[in-house]
Amino acid sequence: MPLVRIDIAKSHPPGFGRAVGEVVYRAMLSEISVPADDKFQIITTHETSELNIPTSYLGITYSPGIVFIQVTLNAGRTTELKKKFYKRIADDLAAELGVRKEDVFISLVEVAKENWSFGNGEMQYGPVE
C-alpha cells in the first residue's frame, strides 16, 4: 500500500537512491507492518540547484546531501510507530550509507484505504458494496 518517493541530488553515487529505497522498505516491513512485496518506489535525482532547502530549520543544519523521503500510506498508525519508523530509517541510512541523520527528511501522507488502485481500474482496499 505505501507509495514511496525518494528525492536526492545527482551528486550522490550511482545506486544510492535504490540503496535508500531498500533501507526504507526494510523499515516499513519491521516498524509499520507493511506486507512483504508491497514495494512501490519512485526515485528521482535532481540537480543541486533544483533542491531549494534552508541552511537550517528547527535547529537542524542541512547539507547538499539531504535525502527527501515521502511515504503515502493508509491512515491509522500510532505516533509511537511513526517515531520508530523515522528513527529506524535515519539510523540505518547513517550506518549503511553514511547519510547524516540531519539530512534525512521524512514526510508521511496518510490516506483512506479507498484511495488506492493497484491495477485493473479496481479499488482493491475499498469498502465492499
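The values are calculated or read from the model by the stated rules, or taken from the named source; none is laboratory data. Bear in mind the structure is a predicted one, so any value in this text is a computation, not a measurement. No Cβ is skipped: glycine too gets one built from the backbone with ideal geometry, and neighbour counts run over all protein chains shown.
Can you find a residue that is closer than 14 Å to P2 by Cβ, of a type in the set (D, E, K, R) and at pLDDT below 95 anywhere in the range 18-27? No: the range 18-27 contains no residue that is closer than 14 Å to P2 by Cβ, of a type in the set (D, E, K, R) and at pLDDT below 95. Scanning the range 83-102 for residues that are without any contact (Cβ under 8 Å) to a residue 40 or more places away in the chain and of a type outside the set (A, V, I, L, M) yields K83, Y86, K87, D91, G98, R100, K101. Hey, can you tell me all the residues within the range 9-46 that are more than 16 Å from L81 (Cα to Cα), under 13 Å from the mean Cα position of the chain (by Cα) and in a loop (DSSP other than H, G, I, E, B)? Within the range 9-46, just K39 meets the criteria. Here is a list: V109, V99. Which entry is surrounded by 14 or more Cβ atoms within 10 Å (Cβ to Cβ) and either assigned to a loop (DSSP other than H, G, I, E, B) or touching a Leu at 6+ places or on another chain (Cβ under 8 Å) (or both)? Exactly one of V109, V99 is surrounded by 14 or more Cβ atoms within 10 Å (Cβ to Cβ) and either assigned to a loop (DSSP other than H, G, I, E, B) or touching a Leu at 6+ places or on another chain (Cβ under 8 Å) (or both), namely V99. Scanning the range 37-90 for residues that are in contact with a strand residue (DSSP E or B) (Cβ under 9 Å, 6 or more places away or on another chain) and acidic (D, E) gives E47, E50. Scanning the range 36-73 for residues that are touching a Pro at 6+ places or on another chain (Cβ under 8 Å) and either within 15 Å of E22 (Cβ to Cβ) or not aliphatic (A, V, I, L, M) (or both) turns up D38, F40, T48, Y62, V71, T72.
Hey, can you tell me all the residues within the range 37-78 that are surrounded by 10 or more Cβ atoms within 10 Å (Cβ to Cβ) and among the aliphatic types (A, V, I, L, M)? Those that are surrounded by 10 or more Cβ atoms within 10 Å (Cβ to Cβ) and among the aliphatic types (A, V, I, L, M): I42, I43, L51, I53, I60, I66, V67, I69, V71, L73, A75.
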